[in-house]
Amino acid sequence: MSWVSDYQYTCLQKLAFQTLQLTGYVPHHIAFVMDGNRRFARSKHIDKIEGHSLGFAKLADVLRWCLDMGIREVTTFAFSIENFKRSSEEVEGLFNLAREKFSTLLAETSRLDEHGIQIRVIGNIELLPKDLQRLVATAMLRTERNDKLFLNVAFAYTSRDEITQAVEAVLKNNNDDDDDEGQDALQPTDINERLLEACLYTRHSPPPDLVFRTSGETRLSDFMMWQLSTSVLYFTDVLWPQITIWNFLASIVAYQRDRCRLEAFRRQERLHSVHLAKSSEFYSLRVQKFLLKLDANRRKLLISLASN
Ligand code: FPP
Ligand code: MG
């Protein structure tokens, strides 16, 4: 099963797609909380891992819809750090599924290149088994030049961990002694919201415009808590493996309806951000150098994980 499905649209579905594209704004970035795989499996009397596998198949349809809708960035919650608390059988089953899917991805990178899809795994990947770290790091490096659609797979992810890692990144990367006698080291006045935001896993992504959660749960479950303050939230009772293109289109309509208010909030945030930048030298050469070093160090880590 490929990461992007060959979904066959009916005429009515094509018409609905085109109408939404012509009459309203299409979100730039959508985040999906794929919930309800096990309830679906129970309802069909199949194994829960089979439910997760069908969940992946649905993700491949969703990616196809996003590509065809002209969405540029998709983030999907595939494995929370909290999921480590599930039975070892389920955790191992999910890792095996990920091993299978990332191996398929590496075997079909030409298909991803054709669509210009870049894969970024966001999360604490060092918590994963070594062979999975290698697959994930290789997939990221192999697709890093693609820039038409960014697919962020949140794996071993929680927001609280992401923020903790961001603080750690500031401390670790600031203590590297390859600069001139510490002249470039960040100062306490450099530490502000914008710097921390630039140290998150999502540092190269705009915040999601729309969050789509299935299965009737209306929680955020420690997913992108920093990034979602101005996003449209869309909840549906349908279980993830059961969603249809009509559920997807309904979420786009909800976004188009609420977008104006969202933009007003975002304008206010940008003003706040400019104010912060002025008061704290966010654009200083020192901060820029630090962020370049952070990116270079994160890439070095990927190269070392990929070659382990
Ligand atoms: C939530 O449903 C779903 C998950 C914890 C796993 C989702 C993973 C996939 C769809 C596979 C993704 C794999 C890759 C490689 C991207 P749940 O288990 O919480 O179900 P429930 O709410 O009914 O208990
Ligand atoms: Mg659940």
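The values are calculated or read from the model by the stated rules, or taken from the named source; none is laboratory data. Predicted, not measured: the structure shown is a model, and the values here were computed from it. Note that we place each Cβ from the backbone using ideal geometry, even for glycine, and neighbour counts take in every protein chain shown. Note: accessible area is taken over every heavy atom of the protein model, side chains too, but ligands, DNA and RNA are not part of it. Shrake-Rupley method; radii C 1.70, N 1.55, O 1.52, S 1.80 Å.
Which of the residues belonging to the stretch 75-121 are part of a strand (DSSP E or B) and in contact with a helix residue (DSSP H, G or I) (Cβ under 9 Å, 6 or more places away or on another chain)? If you could, list the steps in order and put the result at the bottom.
Here is the first cut: in the stretch 75-121, the residues part of a strand (DSSP E or B) are 75-80, 117-121.
Answer for the stretch 75-121, where residues must be part of a strand (DSSP E or B) and in contact with a helix residue (DSSP H, G or I) (Cβ under 9 Å, 6 or more places away or on another chain): T76, A78, F79, I117, Q118, I119, R120, V121.
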Tabulated pairs, the stretch 199-222, first surrounded by fewer than 16 Cβ atoms within 10 Å (Cβ to Cβ), second hydroxyl-bearing (S, T, Y), C-beta under 7 angstrom, 6+ apart or interchain: S221/S80
Scanning the stretch 98-121 for residues that are surrounded by 20 or more Cβ atoms within 10 Å (Cβ to Cβ) and either within 14 Å of ligand 1 (Cβ to nearest atom) or under 20 Å from S307 (Cβ atoms) (or both) gives A98, K101, F102, L105, L112, I117, I119, R120, V121
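Out of P188, P241, I need the residue that is of a type outside the set (D, E) and without any contact (Cβ under 8 Å) to a residue 40 or more places away in the chain. Which one?
Values: P241 fails: without any contact (Cβ under 8 Å) to a residue 40 or more places away in the chain.
Every option except P188 fails the conditions.
Going by the structure shown, is G36 within 13 Å of ligand 1 (Cβ to nearest atom) and crowded, with 21+ Cβ neighbours inside 10 Å?
Values: within 13 Å of ligand 1 (Cβ to nearest atom): yes; crowded, with 21+ Cβ neighbours inside 10 Å: yes.
Here the answer is yes, as G36 does meet what is asked.
State whether the residues of the stretch 153-163 include one that is modelled with pLDDT of 95 or more and within 24 Å of S284 (Cα to Cα). Even if it seems obvious, please write down each step before you answer.
The initial filter retains those residues of the stretch 153-163 that are modelled with pLDDT of 95 or more, namely 153-163.
With within 24 Å of S284 (Cα to Cα) added as a condition, the list becomes 163.
Within the stretch 153-163, one or more residues are modelled with pLDDT of 95 or more and within 24 Å of S284 (Cα to Cα).
Look through G70, G51 and report the one residue that is open to solvent by 10 Å² or more (accessible area, probe 1.4 Å), in contact (Cβ under 8 Å) with a residue 24 or more places away in the chain and small (G, A, S).
Values: G51 fails: open to solvent by 10 Å² or more (accessible area, probe 1.4 Å).
None of the other options fit; the residue is G70.
Please state which one of F150, F95, F56, F84 is near ligand 1 (Cβ under 9 Å from one of its atoms) and not aliphatic (A, V, I, L, M). Can you show your working first?
On the way: F150 fails: near ligand 1 (Cβ under 9 Å from one of its atoms); F95 fails: near ligand 1 (Cβ under 9 Å from one of its atoms); F84 fails: near ligand 1 (Cβ under 9 Å from one of its atoms).
Just a single option satisfies the conditions, and that option is F56.
In the stretch 1-30, which residues are of a type in the set (V, I, T), under 19 Å from I117 (Cβ atoms) and in a loop (DSSP other than H, G, I, E, B)? Reasoning before the result, please.
Pass one, the stretch 1-30, residues of a type in the set (V, I, T): 4, 10, 19, 23, 26, 30.
From what is left, the residues that are under 19 Å from I117 (Cβ atoms) are 4, 26, 30.
Matches in the stretch 1-30: V4, V26.
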Determine if the stretch 167-188 includes at least one residue that is assigned to a loop (DSSP other than H, G, I, E, B), open to solvent by less than 60 Å² (accessible area, probe 1.4 Å) and polar (S, T, N, Q). no
Mind checking whether some residue in the stretch 47-57 is closer than 23 Å to F235 by Cβ and away from ligand 2 (no atom under 16 Å from the Cβ)? yes
When only residues in the stretch 31-41 that are within 12 Å of ligand 2 (Cβ to nearest atom) and not in a loop (DSSP other than H, G, I, E, B) count, which is farthest from V232 (Cα to Cα)? A41
Residues (open to solvent by less than 40 Å² (accessible area, probe 1.4 Å) and more than 16 Å from ligand 2 (Cβ to nearest atom)) located in the stretch 73-96: E73, V74, T75, F95
